[in-house]
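So the structure is just underneath, and the comments pick up after that.
The values are calculated or read from the model by the stated rules, or taken from the named source; none is laboratory data. Note that the structure is predicted; figures quoted are calculated from it, not measured. Surface accessibility is based on the protein's heavy atoms, side chains included, excluding ligands, DNA and RNA. Shrake-Rupley method; radii C 1.70, N 1.55, O 1.52, S 1.80 Å.
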Amino acid sequence: MNGSGSGLFVVVEGPEGAGKSTLVRWLAARLRADGRRVMAVRQPGGTPVAEAARKLALQFPHEVAPVAELFLFLAARADLVHHVIRPALEEGQVVVADRFDLSTIAYQVAGGGLPAADVTQAIRLATGGLVPDVTLVLDVPVELGRERQRTARKVQDRIERQDDAFHARVREAYRRAQGPGVVHIDASQSRKAVQEAAWREVTAAAALSTRGTS
Ligand code: Z5A
């Protein structure tokens, strides 16, 4: 399905504080305990170029033009796909990614107002058309996500400092997301309930293919 070798490509998506990083860590550990070879990545980030783009996209102290911001995220993704994700999938690994294309649709299109068709084309160029086998979309109300970040003492990045209307559009875009392999999980539940729901989807996706079973 992902069109890149025999691995399994799992993406975890959702707004800030939804519990994505927590779930990615848990899934990676659970898959390894099952004897799978796992590559866990976050976006933007994961290669020297992608980490540099992350710094610019999230911490640059001056205004960044919306299209420039888009290309920073896509530069990070293109480099990560080329150097890390595709090689891992081709080796038969399970790749678990904290964010992928849906983040760009939610933040830069729904949040930032960039044109969907052009952004979709740019995404395709950046990733060579790589698609996840399963995308777990974690849903939490904006305020609950923020509350979790405050409790975790997270320092806000440029995107997180956008206004409430922006974040409401981002959440709505995630809630509307659909397509092959897209699954919605109520992430206001306990960690355990979220993990169990995610595990059901990942094992179902793995069973549908021979990928990720090395
Ligand atoms: N961005 C973009 O605009 N366009 C793009 O194309 C891409 C990204 C790829 C990346 O931020 C930023 O880049 C992001 C979008 C933008 N900025 N914004 N907004 P990031 O990588 O720094 O992470 P984040 O996703 O924005 O924030 P986060 O706080 O790391 O969220 P999270 O990973 O979903 O949550 P967490 O770290 O797993 O959990 C947060 C806390 O909640 C933590 O203390 C957990 O222990 C706790 N937690 C987790 N799950 C639960 C449950 N179920 N119950 C209770 N507590 C929980």
Exercise for the section: Can you work out the accessible area per residue across the stretch 8-211, with the rest of the protein chains kept in place, probe 1.4 Å, in square angstrom? Expected result: 49
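Go through ASP164, ASP34, ASP133 and list them by solvent-accessible area, largest first, probe radius 1.4 Å.
Working: ASP164 100, ASP34 80, ASP133 5 Å².
Heavy-atom accessible area, descending, gives ASP164, ASP34, ASP133.
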Exercise for the section: Specify whether the C-alpha gyration tensor of the chain places it in the rounded, prolate or oblate class, a ≥ b ≥ c being the square roots of the eigenvalues: rounded for a/c under 1.5, otherwise prolate if a/b is larger than b/c and oblate if not. Expected result: oblate
Practice task
Among ALA33, ALA173, ALA52, determine the one that fluctuates most according to a GNM of the chain built with springs between C-alpha atoms less than 10 Å apart.
Solution key: ALA33
Completion exercise
Extension length gain for GLN121 and ALA152 (0.36 nm per residue less Cα distance), in nm, is 7.5 nm
Practice task
Collect residues whose amide H, placed 1.01 Å from N in the peptide plane, falls under 5 Å from the amide H of VAL41; neighbours closer than 5 in sequence don't count.
Solution key: VAL96, ALA97, ASP98
Practice task
In whole Hz, with x marking every Gly and Pro, tabulate ³J(HN,Hα) for the stretch 92-106 from phi via Karplus 6.51 cos²θ - 1.76 cosθ + 1.60, θ = phi - 60°.
Solution key: x, 7, 8, 9, 10, 10, 8, 6, 7, 4, 4, 4, 5, 5, 5
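Run the accessible area of the chain with a 1.4 Å probe and give the carbon-and-sulfur part as a rounded percent. Spell out each step's value before the answer.
Values: 5760 of 10360 Å².
C and S atoms contribute 56 percent here.
How much mean residue ellipticity at 222 nm does the chain get from its helices, if each DSSP H run of length 4 or more adds -39500 (n - 2.57) and you divide by all residues, to the nearest 500 deg cm²/dmol? List each step's numbers first, then the result.
Values: 9 runs with 103 residues, N = 214.
Helices in the chain give a 222 nm mean residue ellipticity of -14500 deg cm²/dmol.
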Fill in the blank from the handout: When every protein chain stays in place and a 1.4 Å probe is rolled, TRP199, TRP26 sorted by accessible area with the largest first are TRP26, TRP199
Fill in the blank from the handout: From the Cα centre of the stretch 146-190 to that of the stretch 1-79, the distance in Å is 15
Handout entry: Note, ³J(HN,Hα) from phi for the stretch 131-136, Karplus 6.51, -1.76, 1.60, rounded to Hz, x at Gly and Pro
Key = 10, x, 6, 9, 10, 8
Problem - With DNA, RNA and ligands ignored, accessible area of ARG25 (1.4 Å probe; Å², nearest 10) - result: 150
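With a 1.4 Å probe and all protein chains in place, put GLU160, GLU172, GLU63 in order of accessible area, largest first. Display every interim value, and only then the final one.
On the way: GLU160 15, GLU172 85, GLU63 165 Å².
Ranked list, largest accessible area first: GLU63, GLU172, GLU160.
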